[in-house]
Amino acid sequence: MTEINRLLDIMTQLRDPDTGCPWDLEQDLNTLAPYILEEAYEVVDAIERNDTDDIRDELGDLLLQVVFSAQLANEEQKFDFEQIAKSISDKLVRRHPHVFGDEQFETDEQRAEFWEQSKIEERKEKQKSEQDYSALDSVTVGLPSLARAQKLQKRAAKLGFDWPETEPVYDKINEELQEVREATPEQLEEEIGDLLFSVVNLSRHLKVDAEEALRKGNQKFMRRFQYIEQQLAKQQLKPEQCSLEQLDKLWDQAKKSGIK
């Protein structure tokens, strides 16, 4: 734990009112929130690239955000790093009775069900009254929208609110697409939101992670567009100097060349 203690000490020094870093002294939990999200995505990116050095460094950056947040909370006498560590340790023990207790699960599904039910019960205990409680409360608001949609649907499905088969989901997508076509400008945002939500539902029924699928789709688009840029550069051209037909032709070449 020597390096953890060193990191905590460094963070304390950075926040020292007299000798600390001016930028660090200006931060609060609200200003850190975007950095926490950004660092989490950079960890995922490093993992997907299978870059061991970057994975280590990006995990360090993410850990810094935890330590920074703990320092801010400690200064306000809310909680500290030790309490964060205790909270997650207690939670892990509580949610793994088959490891730290005598509970026995026969299947992975049973273990997953216990985990989800534990989350529901924990959130329910935090509610002020039964009237304030919703089974969807434990689905984090701060998740990326696709990931949150999938989790909301999964939670509702456990309560019986779901189609038992995939075919009605296709029908729902077609219905929502038609509503987008018929929408007024004022209705477009809502209708496109409904369409995206339905596509996420299809993804869930097909056991595909919607957030991961779109992330990989983004990466594929980048690689193919970069191919277009590279091919045009050989002709001393830029995309904005070309017609859509020229760009489409190069896009097709990128697909045929196996760029995924």
(request) Loop only per DSSP, at most 11 neighbouring Cβ atoms within 10 Å: give me the chymotrypsin sites (Phe, Trp or Tyr not before Pro) in region 126-233, ordered by residue number. (result) Phe161
(request) Give, in nm to one decimal, the length gained when the segment between Ala156 and His98 is fully stretched (0.36 nm per residue of separation minus the Cα-Cα distance). (result) 18.3 nm
(request) For the chain, give the magnitude of the charge dipole about the Cα centre (Cβ charges: +1 Lys/Arg, -1 Asp/Glu; no others), in debye to the nearest 20. (result) 880
(request) Using only Cα atoms, locate the centre of region 140-157 and the centre of region 1-41, then give the distance between them in Å, rounded to an integer. (result) 30
(message) Using alpha carbons only, how many angstrom separate the centre of region 202-260 from the centre of region 54-107?
(response) 39
(request) Kindly write out, for region 198-210 in residue order, the coupling ³J(HN,Hα) from the Karplus curve 6.51 cos²θ - 1.76 cosθ + 1.60 (θ = phi - 60°), rounded to whole Hz, with x marking Gly and Pro. (result) 5, 5, 4, 4, 4, 4, 5, 5, 8, 6, 10, 6, 5
(message) Among Val67, Leu237, Gln104, whose Cα projects farthest towards the positive end of the dipole of the chain, with charges put on the beta-carbon of Lys, Arg (+1) and Asp, Glu (-1)?
(response) Leu237
(message) What's the magnitude of the charge dipole for region 137-256 around its Cα centre, counting Lys and Arg as +1 and Asp and Glu as -1 at the beta-carbon? Answer in Debye, nearest 20.
(response) 1040
(request) Determine ³J(HN,Hα), in whole Hz, for all residues of region 188-197 in sequence, where each value follows from phi through the Karplus function 6.51 cos²θ - 1.76 cosθ + 1.60 and θ = phi - 60°; x replaces Gly and Pro. (result) 4, 4, 5, 5, 5, x, 5, 5, 4, 4
(message) Students often forget the sequence filter, so: which lysines lie under 25 Å Cα-Cα from Lys256 once same-chain residues fewer than 8 apart are removed?
(response) Lys216, Lys220, Lys234, Lys238
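For region 180-260, what class follows from the C-alpha gyration tensor (a ≥ b ≥ c being the square roots of its eigenvalues): rounded when a/c is under 1.5, otherwise prolate if a/b is larger than b/c, else oblate?
oblate
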(message) Counting only helical runs of four or more DSSP H residues, what would the 222 nm mean residue ellipticity of the chain come to if each run contributes -39,500 (n - 2.57) and the total is spread over all its residues?
(response) -23500 deg cm²/dmol
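Which of rounded, prolate or oblate describes region 2-95 when judged by the alpha-carbon gyration tensor and an a/c cut-off of 1.5? Intermediate values should be presented prior to the final figure.
Numbers: a/c = 1.80, a/b = 1.23, b/c = 1.46.
Taking the square roots of the gyration eigenvalues as a ≥ b ≥ c, region 2-95 is oblate.
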(message) For Cα Rg over 2.2 N^0.38 Å, pick the label among [x] 0.92; [y] 1.32; [z] 1.05 that corresponds to the value derived from the coordinates.
(response) [y]
(message) Give me a comma-separated list of calculated 3J(HN,Hα) values for region 90-100, in order, Karplus coefficients 6.51, -1.76, 1.60 applied at θ = phi - 60°, integers in Hz, x for any Gly or Pro.
(response) 4, 5, 5, 5, 5, 8, 10, x, 6, 9, 9
(message) In region 1-33, whose amide N lies under 12 Å from the spot 7 Å out along Cα-to-Cβ of Val66? List them in ranges.
(response) 4
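Read-outs throughout are calculated quantities, based only on the coordinates presented, and are distinct from any laboratory measurement. Model, not experiment: these values are computed from the prediction. So basically every Cβ, Gly included, is an ideal-geometry build from the backbone, and we count neighbours across all protein chains shown.
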